[in-house]
Amino acid sequence: MSHKPYFPSEGRDREAILAQMRELKEKDMNWRDGRIFSLVFSAGDEVLELLKEAHALFMSENGLNPGAFPSLRKFETEVIAMAAELLGGNASTVGNMTTGGTESILMAVKAAREYAYARNPQLKDPEIVLPVTAHPAFDKACHYFQLTPIHVPVKDDFRADVAAFKRAISSRTVLCVGSAPSYPQGVIDPIAEMADIAREKEIPFHVDACVGGFMLPFVRKLGYPVRDFDFSVPGVTSISADLHKYAYAAKGASVVLYRDAELRRHQFFVYTEWPGGIYPSPTMVGTRPGGSIAAAWAVMNFLGESGYLRIAKAVMETTRKMIAAIDAMEDVYVLGQPDMSIFAIGSETLDIYAIGDEMSLMGWHMDRQQNPACLHVTMNYGHVEGHERFLADLETAVKKARKLNWSKVSTKVTVGLVKGLSKVLPEKVFSKLVSSGSGTPKGGQTPKRTAAMYGMIGSLPNRGDVESMVLDFMDQTYRVDSPEK
Ligand SMILES: *Cc1c(COP(=O)(O)O)cnc(C)c1O
């Protein structure tokens, strides 16, 4: 870089900075109109205002040193106590707040690994056993902590195959995992059966309730059937549950809970030899954001059980209506029997990604899933009002997808796709992806229609190509835009 226009030599005007930021926000996806799923959880403006105030009050405080900020220690320990009450814990249950589901999962995996090494210092090539539907945070944990993930299939109902799970456990297994519910299809694994097997073999069992932990207890209380998934199941030794999802807290807040203090001890880190002093750190990060901790405590106290029940009721009633309406439509259906407010839409007759494209063109942001191909919906309080518009638009999208002359459109889509991807693909992969590429298309926007891309990516035999393609994409993404843009 020959010029340096990013870091201003003189500070800029406060109003100009804020105006620029507001302007940039205009171009972001507008989650307030309820057309975006799973990235934002909203319980309305009243909660949002409270979160802002609570967050701002403790924005500068640091949860790394609970001695310096007893307020944060109180918030954290009480949030953990509230979560433990909701999730079948008792006086022995312990835990910590983390900055998110991934950090909670990293901690549970790390604790289980250290626990295994403590019991068997000769342990070689440790593994964790998890259903294919478990969140990639577990694979990330394996990537970071040198473990091998052993993925087991799910059955036709998208719940873990218990027999396959049992077979996958070996003398190297340090942790078993189930989800409540799994993210892709929103179904709860057979936790009780799985945890029983793990318990018999004296292996810790983690329940990933990141997305369900602050929803399922209320769903059950409302009278919906919810199978046992928490500490009420004897073999369950740890649970992750995200506050920044269905607890509607500010981002950067989750909990990891342990059945007892012995296991959690292996989560902690202490370094005693540092010239800077003895350094104890409970979780992955060093500095811990006081704002997120405080905001979580605030919203839980503000809503209380009755508030969460009221919200969960509205979300569940809307979800059930949507699932019934989608199942009544031709050519699309909801996969499996979702246990709460997360579900996936598939099609046997149409290209579901093309339906996703039509939804994108109408302003809906839905995740594309694979194996099987489907679209993902996470319903939260922010979606209750707009659900009829969603159903009407889905109906329209299905009609359009039905009319698509696919062979004709796909050429057009491929051209758009080539424009979008050519920038980010390595030559080698690019030529493999697009055999009929003519010339080098320049720049261009991310294509709105991505069905062809997902189709192609899904059918690439070599997953290593996909990985390197995505790595290149990430490399490009995390580079600053040129100033003239
Ligand atoms: C969201 C989620 C995670 C990861 O949480 P982050 O807060 O995104 O790190 C893990 N598991 C499940 C089931 C999730 O839905």
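The values are calculated or read from the model by the stated rules, or taken from the named source; none is laboratory data. None of the values given here were measured: they were computed from a predicted structure. Heads up, the Cβs are rebuilt from the backbone with ideal geometry, glycines too, and the neighbour counts pull from every protein chain shown. Surface accessibility is based on the protein's heavy atoms, side chains included, excluding ligands, DNA and RNA. Shrake-Rupley method; radii C 1.70, N 1.55, O 1.52, S 1.80 Å.
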### Query
Residues ALA250, ALA209, ALA241: which one is hydrophobic (A, V, I, L, M, F, W, C), open to solvent by 10 Å² or more (accessible area, probe 1.4 Å) and within 16 Å of the ligand (Cβ to nearest atom)?
ALA250
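LEU263 - would you say it is touching a Pro at 6+ places or on another chain (Cβ under 7 Å) and either in contact (Cβ under 8 Å) with a residue 12 or more places away in the chain or part of a strand (DSSP E or B) (or both)? Break it down into steps so the answer makes sense when it comes.
On the way: touching a Pro at 6+ places or on another chain (Cβ under 7 Å): yes; either in contact (Cβ under 8 Å) with a residue 12 or more places away in the chain or part of a strand (DSSP E or B) (or both): yes.
So LEU263 fits the description; yes.
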### Odd one out for ASP139, checked against (1) in a helix (DSSP H, G or I); (2) more than 14 Å from the ligand (Cβ to nearest atom); (3) over 28 Å from ASN65 (Cα atoms); (4) open to solvent by 20 Å² or more (accessible area, probe 1.4 Å)
(2)
### Task
Identify the single condition in (1) surrounded by fewer than 21 Cβ atoms within 10 Å (Cβ to Cβ); (2) farther than 28 Å from ILE191 by Cβ that GLU305 does not satisfy, given that it satisfies every other one.
(2)
### Task
Report yes if some residue within segment 168-180 is within 16 Å of the ligand (Cβ to nearest atom) and surrounded by fewer than 24 Cβ atoms within 10 Å (Cβ to Cβ); otherwise report no.
no
### Query
How many residues, within segment 113-136, are open to solvent by less than 30 Å² (accessible area, probe 1.4 Å) and within 16 Å of the ligand (Cβ to nearest atom)?
5
### Query
Hey, does segment 43-62 have a residue that's in contact with a Ser or Thr (Cβ under 8 Å, 6 or more places away or on another chain) and either surrounded by fewer than 10 Cβ atoms within 10 Å (Cβ to Cβ) or assigned to a loop (DSSP other than H, G, I, E, B) (or both)?
yes
### Query
Taking segment 180-227 as the region of interest, how many residues are over 22 Å from the mean Cα position of the chain (by Cα) and assigned to a loop (DSSP other than H, G, I, E, B)?
8
### Message
Is it the case, given these coordinates, that ILE345 is in contact with a strand residue (DSSP E or B) (Cβ under 7 Å, 6 or more places away or on another chain), buried (at least 23 other Cβ atoms within 10 Å of the Cβ) and within 27 Å of ALA56 (Cα to Cα)?
### Response
no
### Query
Can you tell me which residues in segment 263-291 are in contact with a helix residue (DSSP H, G or I) (Cβ under 8 Å, 6 or more places away or on another chain) and of a type outside the set (Lys, Arg)?
LEU263, HIS266, GLN267, THR283, MET284, VAL285, GLY290, GLY291
